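Engineer: I'd like to ask you about the structure that follows.
The values are calculated or read from the model by the stated rules, or taken from the named source; none is laboratory data. Note that the structure is predicted; figures quoted are calculated from it, not measured. Cβ: placed from backbone, ideal geometry, glycine included. Neighbour counts: every protein chain shown.
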Amino acid sequence: MVMLYVGIITVLVVICVYALLSRLSVSRKMKALLEEARQFDEQRVQFNETFRVVRSERHDFLKHVSAIHFMLENGNSEEAKHYLDELVEGYKETNLSIKGERGVIAGILHQMYRKAKALNIDVVYDFDLPLSSLPLSDQQIITLIGNLLSNSIDACEEWQQKNDTQAFLTLQFFKRSGLYILQCKNSTPSIPPSILDQLFVNFGNTTKGDGHEGLGTKLIKDIVDESNGFLDFVCKDEEFSVKIKIPAIKG
């Protein structure tokens, strides 16, 4: 009889543990879904803002040309050059983000570029082809790029606060031998090995402070895995580099 009770108790304990683990798994999935929903809402706002910027630049183009023409007619060539340099720099910022990209992807690239510049981060986009070329849905590209750039900007901001000098961030995208290659590099404070070892493996691992749940890196890894891709990262000499390879043809 005692053995029967022990057996029943053991079964109940196993059931309770399984139920608890299932609830934890559902909870994590819900957090991931809520995080994605929050990001998509932000991206909608970013797209609208990018569209507004492009419209305003086109609307004012002839006014800028008239202003430069007036300066040149009055012999103010240096003033005209300075005005034109500032104008081109502004257009270049927008063009880097939207060239050849689908609307929502242009929106996230433009918003992240402006955010980095506002924080005085030296940011460079180096694309051989549009990110929209990736064999992923817009939703997946947004999650992938949004989390990559957001994490990089946060690391750069923290690094600048500690070093009192300008941080850098570069995002490269190109295609080689049937693989799309996305590489992101940025300044970063040192990261403990215990966090690095699990950074793209599980939820809850983050280089950020309290209040962050470490969802971003796991979402990145999930998308790479779903596309039969490969992810590698290196953290050395206060530089963090992530390289993602995704097959050009879906498996």
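Engineer: Restricted to segment 161-183, and to residues that are over 19 Å from Ala118 (Cβ atoms) and of a type in the set (A, V, I, L, M, F, W, C), which residue is surrounded by the most Cβ atoms within 10 Å (Cβ to Cβ)?
Structural biologist: Leu182
Engineer: Something else now. Name the residue, out of Gly146, Gly209, that is modelled with pLDDT under 95 and either at positive phi or in a loop (DSSP other than H, G, I, E, B) (or both).
Structural biologist: Working: Gly146 fails: either at positive phi or in a loop (DSSP other than H, G, I, E, B) (or both).
Only one candidate passes the filter, namely Gly209.
Engineer: Among the residues of segment 213-240 satisfying the criterion of being surrounded by 14 or more Cβ atoms within 10 Å (Cβ to Cβ) and part of a loop (DSSP other than H, G, I, E, B), which is modelled with the lowest pLDDT?
Structural biologist: The selected residue is Glu213.
Engineer: Residue by residue through segment 87-124, note down the ones that are at pLDDT below 70 and farther than 22 Å from Gln183 by Cβ.
Structural biologist: Scanning segment 87-124 gives Leu87, Val88, Glu89, Gly90, Tyr91, Thr94.
Engineer: A follow-up question, please. Among residues belonging to segment 168-200 that are in a loop (DSSP other than H, G, I, E, B) and touching a helix residue (DSSP H, G or I) at 6+ places or on another chain (Cβ under 7 Å), point out the one that is nearest to Lys243 (Cα to Cα).
Structural biologist: Phe200
Engineer: Run Asp126 past the list (1) surrounded by fewer than 22 Cβ atoms within 10 Å (Cβ to Cβ); (2) closer than 22 Å to Asn228 by Cα and report the number of the one that doesn't hold.
Structural biologist: (2)
Engineer: Going residue by residue through segment 156-168, is there one that turns out to be out of contact with any Pro (no Cβ under 9 Å at 6 or more places or on another chain), at pLDDT 90 or above and closer than 15 Å to Ile223 by Cβ?
Structural biologist: No, that holds for no residue.
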